[in-house]
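Worksheet: one structure, shown below.
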Amino acid sequence: MNSIYLGVSLQLFLAVIVPVLLMIYLQRKKMMSWRSLLVGVLIFIVFSQILEKIVHFLALAPNGTELRWSTNPYIFALYGGLAAGIFEEMGRYFAFKVFLKNNHHFNDGLSYGLGHGGIEAILIGGMSALNSLLISAMIKTGNLETILGAAATPEEITSIKEQFEEANTWVFATGGLERILALALHLALSILVLYAIRQNKFTYVLYAIIIHAAINFLPALYQAGTLTNLLVIEIFLGFIAILSFVFIVKMKPKFER
């Protein structure tokens, strides 16, 4: 269990503390736009967690890893990537066109991306870590069966216990690492969509949708069980994060012209 606590602690640090530290850094460097950050938080919740989830409810099978009309994992991955790309990138476009029409500076793009990616990290990575802590505590005290009761079958309870017994620090820490790597992408895509608006070129928004969908394709295959090597996913996302950072650095001068 000690390895679980260490892994979950790392996950919490990466998913919750790191975004907060980035906010503090931008504020100290006088690069923070709190309005843009808060709009990023709001748009993520509305477009990704509400509107996109409604479409998922209609399109996905109850197991969440297949479509209602197809069991093909590649079609599932294509759907998942496009759904995320369309809702999140159009959410960015809507935000900068409507709520942030007077906030089109480079720092606004960074702040929006931090709000969008930061709240995603906290909601997904942070909540997952807290859930893991709760389950591991119930297993340790022998209260898992009592608390879950009829909500889970004996087989499901046994499976949960085995997953936690076999898990190591890496398994839990990657949950936070993935959120930080995804945060880098959200910063870059926010800059790209904002640049599209500044240049009045909607084509760049379409590029953002395609890029988002393509990057989500491999993780979706992992979710569907077709791709089973987690290390491959982490290396891929790490490479994307590096490219995102390079893109952000190269884009800054374009906003200063």
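The values are calculated or read from the model by the stated rules, or taken from the named source; none is laboratory data. This one's a predicted model, so the numbers in the text were calculated from it and none came from an experiment. Cβ atoms come from the backbone with ideal geometry, glycine included; neighbour counts cover every protein chain shown. Heavy atoms of the whole protein, side chains included, go into the accessibility calculation; ligands, DNA and RNA do not. Shrake-Rupley method; radii C 1.70, N 1.55, O 1.52, S 1.80 Å.
Only one of the numbered conditions (1) more than 18 Å from the chain's Cα centre (by Cα); (2) exposed (fewer than 15 other Cβ atoms within 10 Å of the Cβ); (3) not acidic (D, E) is violated by F106, and that is (2).
Would you mind finding the one in L51, L78, L58 that is over 15 Å from the mean Cα position of the chain (by Cα), under 20 Å from L123 (Cβ atoms), hydrophobic (A, V, I, L, M, F, W, C) and at pLDDT 95 or above? Break it down stepwise before answering.
Details: L78 fails: under 20 Å from L123 (Cβ atoms); L58 fails: under 20 Å from L123 (Cβ atoms).
Matching residue, one of L51, L78, L58: L51.
The single condition from (1) open to solvent by 60 Å² or more (accessible area, probe 1.4 Å); (2) free of Cβ contacts under 8 Å to residues at least 24 places away in the same chain; (3) part of a helix (DSSP H, G or I) that I210 fails is (2).
Residues that are in a helix (DSSP H, G or I), touching a His at 6+ places or on another chain (Cβ under 9 Å), under 22 Å from A220 (Cβ atoms) and not hydroxyl-bearing (S, T, Y) do not occur anywhere in segment 156-165. Any chance segment 146-163 includes a residue that's of a type in the set (S, T, Y), in contact (Cβ under 8 Å) with a residue 24 or more places away in the chain and surrounded by 11 or more Cβ atoms within 10 Å (Cβ to Cβ)? No, segment 146-163 contains no residue that is of a type in the set (S, T, Y), in contact (Cβ under 8 Å) with a residue 24 or more places away in the chain and surrounded by 11 or more Cβ atoms within 10 Å (Cβ to Cβ). Within the set F217, F172, F239, F164, the sole residue that is within 17 Å of the chain's Cα centre (by Cα), of a type in the set (F, W, Y) and modelled with pLDDT under 90 turns out to be F172.
Quick check, is S132 surrounded by 15 or more Cβ atoms within 10 Å (Cβ to Cβ), under 30 Å from I43 (Cβ atoms) and polar (S, T, N, Q)? Steps first, please.
Details: surrounded by 15 or more Cβ atoms within 10 Å (Cβ to Cβ): yes; under 30 Å from I43 (Cβ atoms): yes; polar (S, T, N, Q): yes.
The answer is yes for S132.
The residue of segment 213-245 that is most open to solvent (accessible area, probe 1.4 Å), among those that are closer than 29 Å to K101 by Cβ and among the hydrophobic types (A, V, I, L, M, F, W, C), is F245. Every condition in (1) part of a helix (DSSP H, G or I); (2) open to solvent by 30 Å² or more (accessible area, probe 1.4 Å); (3) in contact with a helix residue (DSSP H, G or I) (Cβ under 9 Å, 6 or more places away or on another chain) holds for K53 except the one numbered (3). Filtered by the rule that a residue be in contact (Cβ under 8 Å) with a residue 24 or more places away in the chain and not in a helix (DSSP H, G or I), segment 220-235 gives G225, T226.
Apart from one condition, A182 fits all of (1) of a type outside the set (K, R); (2) crowded, with 20+ Cβ neighbours inside 10 Å; (3) not in a helix (DSSP H, G or I); the exception is (3). Restricted to segment 65-101, and to residues there that are free of Cβ contacts under 8 Å to residues at least 12 places away in the same chain and assigned to a loop (DSSP other than H, G, I, E, B), the residue that is most open to solvent (accessible area, probe 1.4 Å) is W69. Here E166 passes the criteria (1) closer than 16 Å to V16 by Cα; (2) free of Cβ contacts under 8 Å to residues at least 12 places away in the same chain except the one numbered (1). For segment 195-213, a tally of residues being more than 17 Å from the chain's Cα centre (by Cα) and not charged (D, E, K, R) returns 11.
If the condition is being free of Cβ contacts under 8 Å to residues at least 40 places away in the same chain and either part of a helix (DSSP H, G or I) or surrounded by 14 or more Cβ atoms within 10 Å (Cβ to Cβ) (or both), then segment 21-41 contributes L21, I24, Y25, Q27, R28.
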